[in-house]
Amino acid sequence: MEIINFFEILNLIKLNKDLIKKENEEIITIFKKVNEIVLKREFKIIKNELNEFKDEKDNLISILKKYKSNEEINEMIESMKNSSINTLSKNDSKQEKLANKFKDEGNVHYTNKKYLDAIKSYSKALQIQDGGSSQSLSNFTKSLILHNKSISNIELFKKYSKDDNDKNGKTNFKTLIEAQDDAIESCVLRPSWFKSYWRIGQTYHLMGQFELSIQFYNAALLLDQNNKEIEEMLNSVNAQLKIMISNGDDGRDYQREASEYLKLNKFNDFQNGGEIELPKPYTPSELSELEMVSGLSKQWWLDRSIDNEAHLLIKEGKYDIAYKYLCKTAKNGFTNSLYGLSILYENGWGVEKDLKKSFSLAMEAANKPIKNRVNTQLGQSRDSRRSFSNNNGVIESQYLLAQKYENGIGIDIDLGAAFYYYKKSADNNDLNACYHLSLMIINEKAPQSIGNKEKQRQIAIEYLKKGINEHNENCINLFEKIK
């Protein structure tokens, strides 16, 4: 390991040789401590060690203060306070300048939200070598470029999450893994910089591995104690952990979690719709007959009729009226109307867009019991446009909720919860859920508790075959790729 000699770097004179020796020993001690903290693949933090590491850095600052004060020394002290030890080692080679040119180009792309272009520029910078040597760039420069590439991939992941998951599912998660690898390497090269720990924490947070994300957010805060952005992210992940409930068997009780969430966040903002005229498809005698034949109340049949009309209006783009219809029936607890309102709030159709309200509505609908499985022909004689499903929206809501958990729509990403709700929906033969559940397994996003890779693959094939039997194109194509 190259020893940093302040005498040579700053070209200062009359420095105490004992102090120079001591400062170099301090830096070596820091890097030894880093080697204890940093493991490339099994990257974990022991808080006591990180505290010791911070103490070593503070000791180095105190040593610098003993030098004769001048502008350069003061700048170095400020640099140290900002956790940038590696700025003491500079490299003004042609390779370094060229790498910085690509880095600056990447920064412009990032600012303009052209994340793929930014990643390409940062990758070019990292490929620069000197005579075949991989050591051409200083640790500082390489760490900075890796960090910038990492945050670009994180933003790209967020962008993909808003797109069609059918097309971006695999690329999406691969992007997040690459972001984490870059952040870890950045941290290894420049372990005193808080931002590298921050980015690692973000990737674990987005992966739904909340305990690990907390470790790295805390590490970043230890090195930059007044960072409000990191504090907000830490508060967010702690809030997510609070609603997680163990079932006592190394698993989670998702139903209890849903119940606790809805106690605090249940949607009640139903609009009364004013004097809007509601559909009246049945005569009193017809309602009595339907009630007797099906065992369901007259109100249920009325709600079902209004709900169906609302969904037809959504297809026609008449969102304002659809919203008022759905509020009428959702207030009565009609599940498919809760599902419909969730769709409206997610897209901002006929109502101000609100992802948290959309999530709450989907959560409530997905956790209602599946019942009212009735003859789909009942009640359709009066209106040939009506096409009722054979359940009241629970299965569709389970799939919708899984999508929200997988992609962080109105809630932090939680892959465990996403898998749970996809499976519930797939077990009730929702073909989209069968496909996405299999896709999660194939892309290694499923909980490890379901078994080893071979067992997971067999589970994926089992659900894909459900879709294949119903001629689902997505399931057929995915099965062809993995068989």
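Every number here is computed from the coordinates shown, using simple stated rules; none is lab data. Here the structure is a predicted model, which is why all the values come from computation and not from measurement. All Cβ positions, even for glycine, are placed from backbone atoms using ideal geometry, and neighbour counts span all protein chains on display.
When the charge dipole of region 408-483 is built from unit charges on Cβ atoms (+1 for Lys and Arg, -1 for Asp and Glu) and taken about the Cα centre, the candidate among N469, M440, Q456 whose Cα reaches farthest toward its positive end is Q456. For the peptides 196-202, 281-287, 101-107, the ranking by packing is 196-202, 101-107, 281-287, with the highest mean count of neighbouring Cβ atoms within 10 Å listed first. With a Förster radius of 60 Å applied to the C-beta separation of A239 and K483, the computed FRET efficiency comes to 0.90. Extension gain, V108 to E462: 0.36 nm times the residue separation minus the Cα-Cα distance gives 122.8 nm. Listed cross-link partners K328/K356; K114/K483; K423/K481 are compared with a 31 Å cut-off, the Cα-Cα value being larger for K114/K483.
Pairs from the table (K242/K324; K228/K266; K97/K149; K124/K195; K159/K404; K149/K353) lying more than 25 angstrom apart at Cα are K242/K324; K228/K266; K149/K353.
Take peptides 471-479, 226-234, 439-447 and line them up by average Cβ neighbours within 10 Å, highest first, as a rough protection proxy.
Output ranking for 471-479, 226-234, 439-447: 439-447, 471-479, 226-234.
Toward the positive end of the charge dipole of region 188-341, with +1 on the Cβ of Lys and Arg and -1 on the Cβ of Asp and Glu, the farthest Cα among S259, N336, S297 is that of S259.
Take every Cα pair under 8 Å whose residues are at least 6 apart in sequence, average their separation, divide by the length of region 175-295, and the relative contact order is 14 percent.
From most to least packed by mean Cβ count within 10 Å, the peptides 347-359, 304-316 give 304-316, 347-359.
Residues whose amide H falls under 5 Å from that of R252, counting only those 5 or more places apart or on a different chain, are N247, with hydrogens built in the peptide plane.
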